[in-house]
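Notes follow the structure.
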Amino acid sequence: MDKSFNYIISPEISEFRRFSPKLKIGVLASGNGTNFQELINLSENGELDIDIKVLITNKDDAGCIKRADSAKIPHRIIRGKDFLEKELFELEIINTLIKFDVELIVMAGWMKIVTPFFINKFKNKIINIHPSLLPSYKGGSAIKDSLLNGSKITGCSVHFVAEEVDSGSLIMQAALSIRDDDDIDSLSKRIHILEHKILPQSISHAGFLIRSNFMENY
Ligand code: GAR
């Protein structure tokens, strides 16, 4: 595919913050895990000072599991259907994240809505990546919705997770043109290229805020 296309990223990309000791992160993912893979790559090559303590997925066959195995990152499969109540499902996730002592939780393709119960346990310590220019196209079919609506520009956003779905303070956004001949696959591929740029940068920024105890005022 054509990897050269015009886009805007804001704030502009700068160098990653350095973290010593490395920033301890937990990743929540439900799918293929290309964003997760990008974090693995940047961690392994020493560009981003993160220690990925655990991958949590809710899907037995999620591609992210193999990626965790290959990178020797522990993973836990926690399925919503195994719990009578959503709170118990989330409690299992919370306890896992506490056990792995994470400082920042990264939702990288996590397709379950999280409740205030979960969010309040990790206030200002959860970030999410979403494939649209929020607040446009919230929800689970953002790319399809942007095409159906005839949007001419879309992109991706990383934000702190707040109680309302796909809301919360924005950290970074990237924008690109939608082409006349785009379909979900072609547009999704270009959005992913931008996601792989803004998610690591957003982790760097969020980690800096968390380590600096700036979050109270954010
Ligand atoms: C990404 O496009 C991410 O923005 C989206 O899931 C995809 C995961 O891709 N997240 C959502 O739609 C959340 N509402 P990946 O598995 O290749 O990283």
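The values are calculated or read from the model by the stated rules, or taken from the named source; none is laboratory data. No experiment lies behind these values; they were computed from the predicted model shown. Ideal geometry is used to build each Cβ from the backbone, glycine not excepted, and the neighbour counts take in all protein chains shown.
Among the candidates K138, K123, K99, K86, single out the residue that is surrounded by fewer than 18 Cβ atoms within 10 Å (Cβ to Cβ), over 21 Å from N58 (Cβ atoms) and of a type outside the set (S, T, Y).
Answer to the selection: K123.
Pull up segment 146-164, narrow it to residues that are surrounded by fewer than 20 Cβ atoms within 10 Å (Cβ to Cβ) and either of a type in the set (A, V, I, L, M) or within 11 Å of the ligand (Cβ to nearest atom) (or both), then point me to the one that is modelled with the lowest pLDDT.
For segment 146-164, the residue satisfying everything is A162.
If I go through segment 11-41 residue by residue, how many of them are among the hydroxyl-bearing types (S, T, Y) and surrounded by 12 or more Cβ atoms within 10 Å (Cβ to Cβ)?
Result for segment 11-41: 2.
Enumerate the pairs (first residue in segment 185-203 and among the aliphatic types (A, V, I, L, M); second residue anywhere and assigned to a helix (DSSP H, G or I)) with beta-carbon separation below 8 Å, excluding pairs fewer than 6 apart on the same chain, so at least 6 apart or on different chains.
Every condition considered, the pairs that remain are L187/I143; L187/S146; L187/L147; I191/I143; L199/N35; L199/E38; L199/L39; I203/L39.
If a residue has to be within 16 Å of the ligand (Cβ to nearest atom), under 23 Å from H75 (Cβ atoms) and in contact (Cβ under 8 Å) with a residue 40 or more places away in the chain to count, how many in segment 97-142 make the cut?
14
Kindly evaluate L48 against the criterion of being within 18 Å of the chain's Cα centre (by Cα), surrounded by 15 or more Cβ atoms within 10 Å (Cβ to Cβ), in contact (Cβ under 8 Å) with a residue 60 or more places away in the chain and in a helix (DSSP H, G or I).
So L48 fails the test.
Suppose we keep only residues that are of a type in the set (D, E, K, R) and at pLDDT 95 or above within segment 113-145. Which one would you say is nearest to L209 (Cα to Cα)?
If we take residues in segment 113-145 being of a type in the set (D, E, K, R) and at pLDDT 95 or above, then K125 is nearest to L209 (Cα to Cα).
Condition first: outside any strand (DSSP E or B) and more than 10 Å from I78 (Cα to Cα). Now tell me which residues in segment 53-67 satisfy that.
D61, A62, G63, C64, I65, K66, R67
Can you name the residue in segment 36-45 that is in contact (Cβ under 8 Å) with a residue 40 or more places away in the chain and closer than 18 Å to R76 by Cβ and, of all such residues, is nearest to the ligand (Cβ to nearest atom)?
Once the filter is applied, the top-ranked residue is F36.
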